[in-house]
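The values are calculated or read from the model by the stated rules, or taken from the named source; none is laboratory data. Every value quoted in this text rests on a predicted model; they were computed, and no experiment measured them. Here the Cβ positions follow ideal geometry from the backbone for every residue, glycine too, while neighbour counts run over all protein chains shown.
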(Lines give C-alpha, C1' and ligand atoms only; values in the text may rest on other atoms or scores of the structure.)
Protein backbone atom coordinates (compact mmCIF):
# COMPACT_ATOMS: atom_id res chain seq x y z
CA UNK A 1 0.00 0.00 0.00
CA UNK A 2 1.44 3.38 -0.99
CA UNK A 3 2.18 6.05 1.55
CA UNK A 4 -0.22 8.37 -0.28
CA UNK A 5 -3.07 6.45 1.37
CA UNK A 6 -1.80 7.02 4.91
CA UNK A 7 -2.56 10.29 6.69
CA UNK A 8 -0.05 11.72 9.16
CA UNK A 9 -0.47 14.95 11.15
CA UNK A 10 -0.41 17.76 8.64
CA UNK A 11 2.09 20.61 8.72
CA UNK A 12 0.76 23.56 10.67
CA UNK A 13 -1.68 21.37 12.57
CA UNK A 14 -1.59 21.99 16.32
CA UNK A 15 0.27 19.24 18.20
CA UNK A 16 1.92 19.68 21.58
CA UNK A 17 4.57 17.00 21.19
CA UNK A 18 5.30 13.75 19.45
CA UNK A 19 3.75 11.96 22.41
CA UNK A 20 0.41 13.61 21.61
CA UNK A 21 0.20 12.65 17.97
CA UNK A 22 -2.48 10.25 16.86
CA UNK A 23 -1.29 7.15 14.99
CA UNK A 24 -1.24 7.28 11.17
CA UNK A 25 -4.58 6.61 9.48
CA UNK A 26 -5.02 4.46 6.35
CA UNK A 27 -7.73 6.01 4.18
CA UNK A 28 -7.70 3.04 1.79
CA UNK A 29 -8.14 0.45 4.54
CA UNK A 30 -10.79 2.56 6.22
CA UNK A 31 -12.77 2.82 2.98
CA UNK A 32 -12.71 -0.94 2.58
CA UNK A 33 -13.76 -1.45 6.20
CA UNK A 34 -16.66 1.03 5.93
CA UNK A 35 -17.91 -0.78 2.82
CA UNK A 36 -17.90 -4.04 4.79
CA UNK A 37 -19.51 -2.43 7.87
CA UNK A 38 -22.43 -0.97 5.93
CA UNK A 39 -23.12 -4.30 4.23
CA UNK A 40 -22.92 -6.00 7.64
CA UNK A 41 -25.39 -3.53 9.18
CA UNK A 42 -27.82 -4.06 6.28
CA UNK A 43 -27.74 -7.80 6.91
CA UNK A 44 -28.46 -7.54 10.63
CA UNK A 45 -30.74 -4.50 11.05
CA UNK A 46 -34.00 -3.31 9.57
CA UNK A 47 -32.50 0.20 9.44
CA UNK A 48 -29.99 2.56 11.02
CA UNK A 49 -31.99 5.68 11.91
CA UNK A 50 -31.07 9.13 13.24
CA UNK A 51 -33.57 11.06 15.37
CA UNK A 52 -34.48 14.58 14.26
CA UNK A 53 -33.39 17.44 16.50
CA UNK A 54 -35.99 18.93 18.85
CA UNK A 55 -37.60 22.14 17.60
CA UNK A 56 -36.73 24.82 18.29
CA UNK A 57 -33.09 24.22 19.24
CA UNK A 58 -32.70 26.32 22.38
CA UNK A 59 -29.55 27.39 24.21
CA UNK A 60 -28.49 25.14 27.07
CA UNK A 61 -29.11 26.21 30.64
CA UNK A 62 -25.50 25.58 31.69
CA UNK A 63 -24.14 28.63 29.92
CA UNK A 64 -22.42 26.74 27.11
CA UNK A 65 -23.16 27.69 23.53
CA UNK A 66 -24.79 24.95 21.50
CA UNK A 67 -25.42 24.44 17.79
CA UNK A 68 -27.69 21.99 16.02
CA UNK A 69 -28.55 21.61 12.35
CA UNK A 70 -31.54 19.35 11.66
CA UNK A 71 -30.54 16.02 13.24
CA UNK A 72 -26.80 16.44 13.88
CA UNK A 73 -24.54 19.21 15.20
CA UNK A 74 -22.85 21.70 12.92
CA UNK A 75 -19.23 21.13 13.94
CA UNK A 76 -17.64 23.45 11.40
CA UNK A 77 -13.86 23.16 11.57
CA UNK A 78 -13.76 22.47 15.31
CA UNK A 79 -12.04 19.46 16.88
CA UNK A 80 -14.72 17.12 18.22
CA UNK A 81 -15.10 14.61 21.04
CA UNK A 82 -18.18 12.43 20.59
CA UNK A 83 -19.10 10.65 23.83
CA UNK A 84 -21.77 7.97 23.95
CA UNK A 85 -23.63 5.41 25.98
CA UNK A 86 -22.60 1.79 25.43
CA UNK A 87 -25.50 -0.69 25.16
CA UNK A 88 -24.02 -3.11 22.65
CA UNK A 89 -21.13 -4.64 20.74
CA UNK A 90 -22.54 -2.86 17.67
CA UNK A 91 -21.83 0.65 18.96
CA UNK A 92 -18.49 1.41 17.25
CA UNK A 93 -19.83 0.20 13.89
CA UNK A 94 -22.80 2.54 14.21
CA UNK A 95 -20.51 5.43 15.21
CA UNK A 96 -18.28 4.88 12.19
CA UNK A 97 -21.27 4.72 9.84
CA UNK A 98 -22.81 7.93 11.21
CA UNK A 99 -19.49 9.77 11.04
CA UNK A 100 -18.87 8.65 7.45
CA UNK A 101 -22.36 9.72 6.35
CA UNK A 102 -22.64 12.98 8.27
CA UNK A 103 -19.02 14.17 8.43
CA UNK A 104 -17.30 12.57 5.42
CA UNK A 105 -14.24 14.82 5.66
CA UNK A 106 -13.33 13.60 9.15
CA UNK A 107 -11.14 10.72 10.33
CA UNK A 108 -12.66 8.65 13.15
CA UNK A 109 -10.49 7.70 16.11
CA UNK A 110 -11.66 6.02 19.30
CA UNK A 111 -10.41 3.91 22.21
CA UNK A 112 -11.24 0.23 22.65
CA UNK A 113 -10.02 -2.49 24.98
CA UNK A 114 -6.46 -3.42 23.99
CA UNK A 115 -7.27 -7.11 24.45
CA UNK A 116 -10.06 -6.91 21.85
CA UNK A 117 -7.84 -4.98 19.47
CA UNK A 118 -5.27 -7.74 19.71
CA UNK A 119 -7.56 -9.97 17.63
CA UNK A 120 -7.92 -7.40 14.83
CA UNK A 121 -4.57 -5.68 14.41
CA UNK A 122 -5.54 -4.01 11.11
CA UNK A 123 -7.98 -1.83 13.07
CA UNK A 124 -5.03 0.04 14.59
CA UNK A 125 -4.57 1.58 11.13
CA UNK A 126 -8.14 2.90 10.90
CA UNK A 127 -8.38 4.82 14.14
CA UNK A 128 -8.98 2.16 16.82
CA UNK A 129 -6.73 2.89 19.80
CA UNK A 130 -5.90 0.04 22.16
CA UNK A 131 -6.26 1.03 25.83
CA UNK A 132 -5.28 -1.16 28.79
CA UNK A 133 -8.38 -0.68 30.90
CA UNK A 134 -8.06 -0.25 34.64
CA UNK A 135 -4.37 0.69 34.53
CA UNK A 136 -2.47 3.96 34.96
CA UNK A 137 -0.76 3.31 31.67
CA UNK A 138 -4.08 2.93 29.88
CA UNK A 139 -5.52 6.07 31.48
CA UNK A 140 -2.46 8.08 30.51
CA UNK A 141 -2.61 6.90 26.90
CA UNK A 142 -6.32 7.68 26.69
CA UNK A 143 -5.74 11.27 27.84
CA UNK A 144 -2.81 11.72 25.44
CA UNK A 145 -4.90 10.54 22.52
CA UNK A 146 -7.96 12.62 23.51
CA UNK A 147 -5.85 15.76 23.84
CA UNK A 148 -4.12 15.04 20.55
CA UNK A 149 -7.55 14.76 18.90
CA UNK A 150 -8.49 18.18 20.30
CA UNK A 151 -5.64 19.62 18.23
CA UNK A 152 -6.93 18.07 15.00
CA UNK A 153 -9.66 19.77 12.98
CA UNK A 154 -9.90 16.73 10.68
CA UNK A 155 -10.75 14.21 13.42
CA UNK A 156 -13.77 12.99 15.37
CA UNK A 157 -12.72 11.28 18.59
CA UNK A 158 -15.47 8.95 19.81
CA UNK A 159 -15.63 7.58 23.36
CA UNK A 160 -17.92 4.85 24.72
CA UNK A 161 -18.07 6.86 27.90
CA UNK A 162 -19.65 4.24 30.18
CA UNK A 163 -16.67 1.93 29.71
CA UNK A 164 -18.77 -1.24 29.78
CA UNK A 165 -22.05 -2.55 28.37
CA UNK A 166 -24.99 -0.81 30.08
CA UNK A 167 -28.70 -1.15 29.36
CA UNK A 168 -29.89 2.06 27.63
CA UNK A 169 -32.80 2.40 30.08
CA UNK A 170 -30.63 2.28 33.21
CA UNK A 171 -30.78 5.47 35.27
CA UNK A 172 -29.03 7.50 36.46
CA UNK A 173 -26.56 7.52 33.57
CA UNK A 174 -22.97 7.40 34.72
CA UNK A 175 -19.80 7.94 32.71
CA UNK A 176 -16.14 7.19 33.39
CA UNK A 177 -13.99 9.93 35.00
CA UNK A 178 -11.62 10.02 32.03
CA UNK A 179 -14.24 11.80 29.91
CA UNK A 180 -14.26 14.79 32.24
CA UNK A 181 -10.46 14.83 32.39
CA UNK A 182 -10.35 14.91 28.57
CA UNK A 183 -12.60 17.99 28.58
CA UNK A 184 -10.93 19.78 31.50
CA UNK A 185 -8.83 22.78 30.52
CA UNK A 186 -9.33 22.33 26.77
CA UNK A 187 -8.85 25.60 24.90
CA UNK A 188 -10.77 24.60 21.77
CA UNK A 189 -13.13 21.99 20.41
CA UNK A 190 -16.65 20.68 20.89
CA UNK A 191 -17.93 17.80 22.98
CA UNK A 192 -21.15 16.14 21.81
CA UNK A 193 -23.40 13.48 23.41
CA UNK A 194 -24.70 10.64 21.25
CA UNK A 195 -27.28 8.09 22.40
CA UNK A 196 -27.85 4.72 20.72
CA UNK A 197 -30.18 1.77 21.28
CA UNK A 198 -31.39 -1.29 19.37
CA UNK A 199 -35.11 -1.98 19.82
CA UNK A 200 -37.33 -4.34 17.87
CA UNK A 201 -40.27 -2.63 16.20
CA UNK A 202 -42.39 -4.48 13.63
CA UNK A 203 -39.76 -6.45 11.74
CA UNK A 204 -37.75 -9.60 12.31
CA UNK A 205 -34.59 -7.50 12.52
CA UNK A 206 -33.99 -4.74 15.10
CA UNK A 207 -33.63 -1.02 14.52
CA UNK A 208 -30.37 0.78 15.25
CA UNK A 209 -31.48 4.16 16.59
CA UNK A 210 -29.27 7.14 17.34
CA UNK A 211 -29.74 10.71 18.57
CA UNK A 212 -27.33 13.58 19.05
CA UNK A 213 -27.52 16.01 21.92
CA UNK A 214 -26.40 19.64 21.63
CA UNK A 215 -22.73 20.34 21.06
CA UNK A 216 -20.91 22.07 23.94
CA UNK A 217 -17.98 24.39 23.28
CA UNK A 218 -15.11 23.49 25.61
CA UNK A 219 -13.54 26.95 25.55
CA UNK A 220 -16.68 28.42 27.13
CA UNK A 221 -15.85 26.77 30.48
CA UNK A 222 -12.04 26.86 30.83
CA UNK A 223 -12.13 26.68 34.63
CA UNK A 224 -14.58 23.83 35.02
CA UNK A 225 -13.07 20.87 36.91
CA UNK A 226 -13.02 17.33 35.60
CA UNK A 227 -15.61 16.29 38.20
CA UNK A 228 -17.91 19.13 37.20
CA UNK A 229 -17.49 18.25 33.54
CA UNK A 230 -18.37 14.63 34.27
CA UNK A 231 -21.53 15.60 36.11
CA UNK A 232 -22.62 17.95 33.31
CA UNK A 233 -21.77 15.47 30.55
CA UNK A 234 -23.62 12.63 32.28
CA UNK A 235 -26.72 14.84 32.57
CA UNK A 236 -26.53 15.80 28.89
CA UNK A 237 -26.12 12.17 27.82
CA UNK A 238 -29.04 11.08 30.03
CA UNK A 239 -31.27 13.77 28.51
CA UNK A 240 -30.30 12.60 25.02
CA UNK A 241 -30.99 8.96 25.93
CA UNK A 242 -34.38 9.95 27.37
CA UNK A 243 -35.33 11.76 24.18
CA UNK A 244 -34.29 8.77 22.08
CA UNK A 245 -36.13 6.33 24.37
CA UNK A 246 -39.37 8.32 24.04
CA UNK A 247 -39.09 8.33 20.24
CA UNK A 248 -38.19 4.64 20.21
CA UNK A 249 -41.30 3.73 22.16
CA UNK A 250 -43.50 5.68 19.74
CA UNK A 251 -42.16 3.54 16.87
CA UNK A 252 -42.63 6.34 14.35
CA UNK A 253 -40.13 6.13 11.48
CA UNK A 254 -41.14 9.65 10.39
CA UNK A 255 -39.34 11.03 13.46
CA UNK A 256 -36.06 9.65 12.12
CA UNK A 257 -33.86 9.91 9.06
CA UNK A 258 -32.83 6.56 7.60
CA UNK A 259 -29.04 6.40 7.30
CA UNK A 260 -28.80 2.75 6.21
CA UNK A 261 -31.69 0.60 4.97
CA UNK A 262 -31.52 -3.03 5.96
CA UNK A 263 -33.61 -6.18 5.66
CA UNK A 264 -37.36 -6.65 5.96
CA UNK A 265 -39.72 -9.60 6.12
CA UNK A 266 -39.26 -13.13 7.38
CA UNK A 267 -38.30 -14.90 4.17
CA UNK A 268 -38.97 -18.45 3.06
CA UNK A 269 -42.44 -19.91 2.71
CA UNK A 270 -44.05 -17.33 5.00
CA UNK A 271 -43.23 -14.42 2.68
CA UNK A 272 -44.14 -16.57 -0.32
CA UNK A 273 -47.64 -17.03 1.11
CA UNK A 274 -47.87 -13.30 1.84
CA UNK A 275 -46.85 -12.53 -1.73
CA UNK A 276 -49.67 -14.72 -3.10
CA UNK A 277 -52.15 -13.17 -0.65
CA UNK A 278 -51.15 -9.68 -1.78
CA UNK A 279 -51.65 -10.66 -5.43
CA UNK A 280 -55.09 -12.07 -4.66
CA UNK A 281 -56.04 -8.82 -2.94
CA UNK A 282 -54.65 -6.83 -5.84
CA UNK A 283 -52.00 -5.17 -3.73
CA UNK A 284 -48.31 -4.64 -4.30
CA UNK A 285 -46.37 -7.03 -2.08
CA UNK A 286 -44.02 -5.45 0.44
CA UNK A 287 -42.09 -7.68 2.82
CA UNK A 288 -42.19 -5.02 5.53
CA UNK A 289 -44.73 -5.73 8.26
CA UNK A 290 -45.28 -2.15 9.38
CA UNK A 291 -46.58 -0.91 6.02
CA UNK A 292 -48.83 -3.88 5.17
CA UNK A 293 -52.09 -1.92 5.36
CA UNK A 294 -50.71 1.29 3.91
CA UNK A 295 -49.60 0.07 0.47
CA UNK A 296 -51.26 1.55 -2.53
CA UNK A 297 -53.49 -0.76 -4.52
CA UNK A 298 -52.20 -2.22 -7.72
CA UNK A 299 -53.63 -1.02 -11.08
CA UNK A 300 -55.88 -4.12 -11.17
CA UNK A 301 -57.58 -3.20 -7.88
CA UNK A 302 -57.74 0.47 -8.82
CA UNK A 303 -59.59 -0.53 -12.00
CA UNK A 304 -61.99 -2.79 -10.07
CA UNK A 305 -62.73 -0.13 -7.48
CA UNK A 306 -63.29 2.49 -10.14
CA UNK A 307 -65.79 0.24 -11.96
CA UNK A 308 -67.92 -0.34 -8.87
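Do you know which of the residues in the stretch 155-197 that are at positive phi and touching a residue at least 40 places away in the same chain (Cβ under 8 Å) is surrounded by the most Cβ atoms within 10 Å (Cβ to Cβ)? Break it down stepwise before answering.
So the first thing to find is which residues in the stretch 155-197 are at positive phi, and the list is 163, 185, 189.
Applying the additional criterion that residues be touching a residue at least 40 places away in the same chain (Cβ under 8 Å) yields 163, 189.
Working: 163: 19, 189: 26.
The qualifying residue surrounded by the most Cβ atoms within 10 Å (Cβ to Cβ) is 189.
Does residue 28 count as touching a helix residue (DSSP H, G or I) at 6+ places or on another chain (Cβ under 7 Å), at pLDDT 95 or above, surrounded by fewer than 16 Cβ atoms within 10 Å (Cβ to Cβ) and in a helix (DSSP H, G or I)? When the stated conditions are applied, residue 28 passes them. Working only within the stretch 209-224, note down all residues that are in contact with a helix residue (DSSP H, G or I) (Cβ under 8 Å, 6 or more places away or on another chain) and more than 17 Å from residue 80 (Cβ to Cβ). Listed by number, the residues that qualify are 209, 224. Looking at (1) at pLDDT below 95; (2) under 25 Å from the mean Cα position of the chain (by Cα); (3) surrounded by 14 or more Cβ atoms within 10 Å (Cβ to Cβ), can you tell me which one residue 265 breaks? With (1) at pLDDT below 95; (2) under 25 Å from the mean Cα position of the chain (by Cα); (3) surrounded by 14 or more Cβ atoms within 10 Å (Cβ to Cβ) applied to residue 265, the lone miss is (2). Is there a residue being in contact with a strand residue (DSSP E or B) (Cβ under 8 Å, 6 or more places away or on another chain) and either closer than 17 Å to residue 87 by Cα or in a loop (DSSP other than H, G, I, E, B) (or both) anywhere in the stretch 175-189? Checking the stretch 175-189: at least one residue is in contact with a strand residue (DSSP E or B) (Cβ under 8 Å, 6 or more places away or on another chain) and either closer than 17 Å to residue 87 by Cα or in a loop (DSSP other than H, G, I, E, B) (or both). Candidates 99, 140: the one that is modelled with pLDDT of 95 or more and buried (at least 20 other Cβ atoms within 10 Å of the Cβ) is 99. The numbered conditions (1) more than 22 Å from residue 21 (Cα to Cα); (2) crowded, with 17+ Cβ neighbours inside 10 Å are all true for residue 134 except (2).
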